[in-house]
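The next block holds one structure in the form of structure tokens; read it before the comments.
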């Protein structure tokens, strides 16, 4: 067996150069002539070797002081309840690079790699920021809730749990199912569900001792007649179950009053002579009518309302009871659709709802709902403390940027006396200092380097904070604008108004108002001095402003404008 030739890169390159000049090279003959390996030459001709060009590493895109400043800024934004998104972190990193004079830029994926390097003990991790109605956020005030719980505690002092009630409405859409996890392939078929067009309202009332009142169902119907098909199989419901119709399937003022009368009848046997019943509910308009409140007063029922838009925090029914109620209702339709049946509709609602109520509204769940929401026994510390932990917003300390900085010490060096305003200027000044100071030990140099790194980090944090404050002010600027009730009339008969026409109309209105104000001031001037003032041109106005500025710079408190 012949020995393979010794590898030589120069001979191999010459063989490749000769072979590439030929249309159909004889690789075996060329390999023998240059004494190179046949397989190596063949592979090199198939895949030409290209010199590897080193790509710049993105792991160290930011300097250590820049990453520390960015982490400090993220923590500060979190404490302000303004956690930044990945795109904001990317933009802030690019601004830090630009301030340092670097041409590098962070990619879209860089923030996610940066998140993985954040120390675990800081408690920073990717989380999903959900949206919430503004009025609910404003209602989530720990002080107001604590005051509400204090009032409730004074009201229910010494009251047994059987006299504390909560009622609310729960909406159902017949035929609605619920998404669920199954074991199958990606092409899993969807579960069928019926149309969700019509809404059915269920009015439920519970007591702190676990008692459950008979339901009150409201169907959507244009007239006042009830359909016979609705009541097929409804015998399983309590005998005192009430049903009604409304144009939209929701509760109205009249239906609320009718339910209150039924509540009075259903709870009389639970009340001893002289005792009052305490009914807690939300601030829906149908619950606050004059007739509703008068009926409560006449029948020893004490109404007590939740704070506006706070029922998701405090109301017992909005916790486990209604959550289980709706889940059980949707699971019934899921099971029926799974086995090939047709989802239940409005006609079968009364037939299936009672088994669902028995599973969802048990005595244990009802009692736990009052306890979890701090209604009975009255103890709102858990709700208030949870809210306090979520919504602690510390005061934003805005750095004083207008005050003059303390003059730096004069040094016999080339460093400017004015403090550097950018990272790039600070880096140049630090380099000049290290160049001018030569007679120092290595330990002193290391200490100076640490001080310089700390300066750069703090300056980076300050600039990030200033930028964040500017963003906050820009976002809140529309909130500080004075509202106006002025109207802009459309120019066409169909009521359509172009933005350009609206802007022109507003400008015309402002010019007319300015002319009217000037005319009014001229009349007042004439009344005082006996003659009208000469109109001032724009040049004279500019000249007067310049004269005033010059006089202020000269330290004059009084000047005469000619």
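Residue-by-condition table, conditions (1) part of a strand (DSSP E or B); (2) without any contact (Cβ under 8 Å) to a residue 60 or more places away in the chain; (3) surrounded by 15 or more Cβ atoms within 10 Å (Cβ to Cβ); (4) not assigned by TED's automatic domain parsing to the domain that holds residue 174:
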{"position": "219", "(1), (2), (3), (4)": "yes, no, yes, no"}
{"position": "224", "(1), (2), (3), (4)": "no, yes, no, no"}
{"position": "243", "(1), (2), (3), (4)": "yes, no, yes, no"}
{"position": "261", "(1), (2), (3), (4)": "no, yes, no, no"}
{"position": "286", "(1), (2), (3), (4)": "no, yes, yes, no"}
{"position": "292", "(1), (2), (3), (4)": "no, yes, yes, no"}
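Given (1) modelled with pLDDT of 90 or more; (2) under 16 Å from residue 148 (Cβ atoms); (3) surrounded by 14 or more Cβ atoms within 10 Å (Cβ to Cβ), identify the lone condition not met by residue 305.
So residue 305 meets the others, but not (1).
Yes or no: residue 250 touching a helix residue (DSSP H, G or I) at 6+ places or on another chain (Cβ under 9 Å), at pLDDT below 90, buried (at least 18 other Cβ atoms within 10 Å of the Cβ) and in the same structural domain as residue 350 (by TED's automatic domain parsing)?
Spelling it out, it is not the case that residue 250 is touching a helix residue (DSSP H, G or I) at 6+ places or on another chain (Cβ under 9 Å), at pLDDT below 90, buried (at least 18 other Cβ atoms within 10 Å of the Cβ) and in the same structural domain as residue 350 (by TED's automatic domain parsing).
Which residue, of 202, 142, 179, 208, is closer than 20 Å to residue 365 by Cβ and either in contact with a helix residue (DSSP H, G or I) (Cβ under 6 Å, 6 or more places away or on another chain) or at pLDDT below 90 (or both)?
Every option except 208 fails the conditions.
Inspect all residues belonging to segment 64-87 and state whether any of them is over 30 Å from residue 451 (Cβ atoms), touching a helix residue (DSSP H, G or I) at 6+ places or on another chain (Cβ under 8 Å), part of a helix (DSSP H, G or I) and at pLDDT 75 or above.
Yes.
Residue by residue, here is whether (1) more than 36 Å from the chain's Cα centre (by Cα); (2) modelled with pLDDT of 80 or more; (3) part of a helix (DSSP H, G or I) holds:
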| residue | (1), (2), (3) |
| --- | --- |
| 488 | no, no, no |
| 507 | yes, no, yes |
| 510 | yes, yes, yes |
| 526 | yes, yes, yes |
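The values are calculated or read from the model by the stated rules, or taken from the named source; none is laboratory data. Quick caveat: nothing in here was measured; it's all calculated off a predicted structure. Don't worry about glycine lacking a Cβ; one is built from the backbone with ideal geometry, like all the others, and counts go over all protein chains shown.
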